Structures are given as structure tokens and as C-alpha cells.
Amino acid sequence: MRAAVYIRVSTDDQVKHGYSLAEQREACCSRARILGAQEVTVFSDEGISGSTLERPGLNEMREAAREGRFQLLVVRDPDRLSRKLAHQLLITDELEKCGIKLEFLDFDWKDTPEGRLFYSIRGAIAEYEREKIRDRMGRGKEQKARQGGIPINFDVFGYQYDPETGKVSYLEHEKKVVVEIFNWFTSEDIGANGIAKRLNENGIPTRRRAGRWHRQVVKQILANTVYIGLWRFKGMYIKVPPIIDENTFYRAQEKLKEVRRLYAGKQKHGYLLSGLITCADCGNTMTGAYARWWGKRERRYTCNKTCQGYKNEGCRPVKYILADALEEAVWNQIQTWLMDPDRLAREAMGQIVGQNDPREQIMVINKHLASIEKGQEALIDVIAKGYLDHMDSIEKKLAELKRRKEKLEKRKEELLLAYRQREELFAKIDEIREISESILRRLDDLAFTEKRSLVRALVKQVIVSGRGVPGGNGLRFINVTVLAKIPEQKISS
């Protein structure tokens, strides 16, 4: 018999319970050999919480179980498998379907209705206890915060925190950077992006000392009340040493508010395809830019990235595509789809018509399964009648039939899922047809926001390649590919 051992330990487990991987490995392997295992495989996870199923060792063990590489699994206790009852039951059910016996060292597991009930009750109680502990810890943190203490690890640029004393103090070299950021912003004609660029050019490191400063990080610093001595935690403020005086901080807030107001004013130049366009030449997304071109300001799309923090600056020389021409081309394509509501359905159907109907394959599998079950019953009947002369070959045949049955059942589950997805797609086609017919009647009256919503409902991505030259409809020598969420079309000009 081949056996497997699963062991897991987190830092908390070692401190509270004295568990260690070596101790679990020795105890579990010893039990496996006592139960008759000639070969024992160990799967382990170290320093990983039992609250998640995404663990390398656990994943490897489950895969080995599905492949039939062992017949017995030995574990210290159910908490080693998972700290969540639902996950424990899921793994136990998987092992049972694979024909694997489960053995716990510190828990009397019985594969009976009563045993399963007790197993579930034990898991539920353990999970309840953990939730109570989590709740108590949360309330303890809030109580500590009300008393002016730091309830969690305090990791803020400009400061350092000593968990042993609970004290917050300045980190002098970062404190100077914070002061400069506020002074630059309030006394110079410079924005968050300009400050990020200056910090990068001066080689000033970030808190993690890796990567570059980004304008969003600068904005977060400028808007954080922690720098006037008020650190926000769950709706309350905890006092810490201030770095910036209140007058400087509120001048910065006024400027941020003005910047937001000016930025909001620019939104009158709406961009229909914002967030959907990708430049095929450099790989960047393309965003709206109200740019000056030959002395005239126009709406355009560009892959150029001037904000600090972007690794890819985009095409060089800078690429600009006329927004009106590009939006018109894409909108015309959408109108073409909508003018014939049934066309959408036909093109979507083309993706699935011609494929084999999953139901037909399911019927074939059901026949094979029925045949396998008859074969198993016949072999079991032979054993029951005492014909044991060829016992070894009979056992091999039963094992082979079991493997075939498991593969067929797995394939059947895949086909059932494919069938459900197929039916959902049919339903979606009907929905798109209905939407198309409704919108078609008032297509010319749609507001910009409605147009944009329609574009996002139908268009998955717009890919632009080439640079183009002035003239024609503004898209000369530019290739535009419109990928729809169901059908796909291509416009070239």
C-alpha cells in the first residue's frame, strides 16, 4: 500500500501549540507504516495559513490523490488540512471520491454517519472559536485606538514605529522629503506629477527603496492628515507627531481642490473610447488628449505616457490619432451591428454551431459508464461465488474499470459545464437582440453617456496600429481592429 502524509505549520502554530514540520512528519510517517504502508510520500506547507486552499503542498497532494498515487492519507488533525469547515469537508469529499482512506493522529475519524456528523460539529466549533478570537482582537484594536495607542503596524512615509514601546517617531531623511513635497506644492507652480518627476530625477528613494515615485503616491501624501499629527483609523483620529503645520497642509488641500475642479472642467471633451483602445505598436493603452496640432487644439487619442511611474513611454515620435475619425469609425461599426439585430445572434451562433452537442457526448459517456458498472458487478459476482483462482487478475481488472469510470465521470462533468455555458450563451444572444431592437429606435437621440455605455456593452477592445497621415477621414494608413464581446469585426483604412 502506498500512503501520503500532509503536514502544515504556520508561525502561530509553532508558538501556541509547539507544532513543527519535523515532529508532524515523524509521527504521521510512523502511523502510515503501522497501517501497512510500504511507500510514504510527504507533502508539506510551511508558514502558510490554513484559512486558504491555495497552498503548494496541498495542491500537490490533491493532484496526486486524483491521479491515484496513494491509497492512505495521514494528517495530524483536521486543522492541518484547513482551518475552515467548508474546506475540510471539500477535501474530505475529494479524497473519498478517489477511494483514499483518511487517518488523523489526534482525532478519532470514523467513516460513518455519526462520525461525519461529529467531524462537522468539531470543525464548526473550531471555526466559531477562531471568529470569536478575531472579533476580540478587532475590538481590542479599536479600544487601543480610542485610548490613543497604535492598534496595528504603523507604516507611513516619514515615520517609524516601535512595536515594543508602541511609540511613533520621525524617520529624519523621509521627514525632510515630506516637508519638501508640501513646500514645492504650495509655493511653486508644480503639480503632483511634477513633484514625482523631481523626486525621481534627484534619486530620492521611496519607502520600499524600489521602483519610482508615482504622482498618485505624491497625492496621497499631500492629502494625508497624518502629517499634521492626526492618523485616521476606522473613523477615529489618533495623535502622532506632526511634520507639517496646519496652514501649509490646508493650503495644499485648497490647491488639490482647485486642481480637481480644473480637471473636472476638462471632462467636457468627452472620449467615447476611453479605456478600450490599445496601441498595437508599443502595447500601451491609448487615452484622450486635448492637444495642439499645427496651431489648432483638437481631441486626439495618444499612447504617450508622461506621468511619472510609467515604464513604457509609448511610441516615439509621439503618436496622436484624431478622436473624431476614430470614434466615428467604431460607432459606424456598432450601428452596422445594430441595424440588423439578428446578425449579432447569427455571428454569435457561428461560434458554437458546428461544435458537437455536449448532450450527445454525455449520452455516449452514460452508455460507457453503464457498461463499466455491469463489468464491475460481474467481477464482484465472480468473487462472491468463490472463484478465486485468478484473484490477482480480477483485482487488476477492477482497478482498471475504476480508473476508466473516474475519467469518464470527470469528462462528463466537463461536458455538463460546457452544456450550461452553451445555454447561457443562447440566452445572451436573445438578450443582445432585444437590446439592439430597443436602442435602434432611438439611436440618433442618444446622449454621450448613453453612447459610451453602449460602446462598453458591445466592444471588448479597439486595437490601433500605424501612425497615419493627414487627409481623408483622418485614419489614412491606420489599421483599426474592433473586437466585440461576442462577434469580431475588422475595419481597415
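Brief remarks follow.
- For residue 206 and residue 448, the difference between the fully extended length at 0.36 nm per residue and the C-alpha to C-alpha distance is 83.0 nm.
- Local net charge near residue 35, Cβ-Cβ under 13 Å (Lys/Arg +1, Asp/Glu -1): +2
- Virtual spin-label span in nm between residue 460 and residue 247, 7 Å along Cα→Cβ: 5.9
- Annotation: extensible slack from residue 368 through residue 184 equals 58.6 nm (criterion: 0.36 nm per residue apart, minus Cα-Cα distance).
- Spin-label model, residue 316 to residue 361: label points 7 Å out along the Cα-to-beta-carbon direction sit 5.0 nm apart.
- Förster radius 30 Å - calculated FRET efficiency between residue 51 and residue 410, Cβ distance, rounded to 0.05: 0.60
- Karplus-derived HN-Hα couplings along segment 363-374 (A = 6.51, B = -1.76, C = 1.60, θ = phi - 60°), whole Hz, x at Gly and Pro: 4, 5, 5, 4, 5, 5, 5, 4, 5, 5, 4, 5
- For segment 446-458, 3J(HN,Hα) per residue [Karplus equation, 6.51 cos²θ - 1.76 cosθ + 1.60, θ = phi - 60°, Hz, x = Gly/Pro]: 5, 6, 4, 4, 5, 4, 5, 5, 5, 4, 5, 6, 10
- Distance violations [Cα-Cα > 22 Å] among 175/197; 197/296; 367/407; 176/219; 101/396: 197/296
- Gyration tensor verdict on segment 159-266 (Cα atoms; rounded if a/c is under 1.5, prolate if a/b is larger than b/c, oblate otherwise): oblate
Every number in this text was worked out from the coordinates using simple rules, so none of it is lab data. For clarity, every value in this text was computed on a predicted model and none was experimentally measured. In this analysis, Cβ positions are derived from the backbone assuming ideal geometry, glycine residues included, and neighbour counts consider all displayed protein chains.
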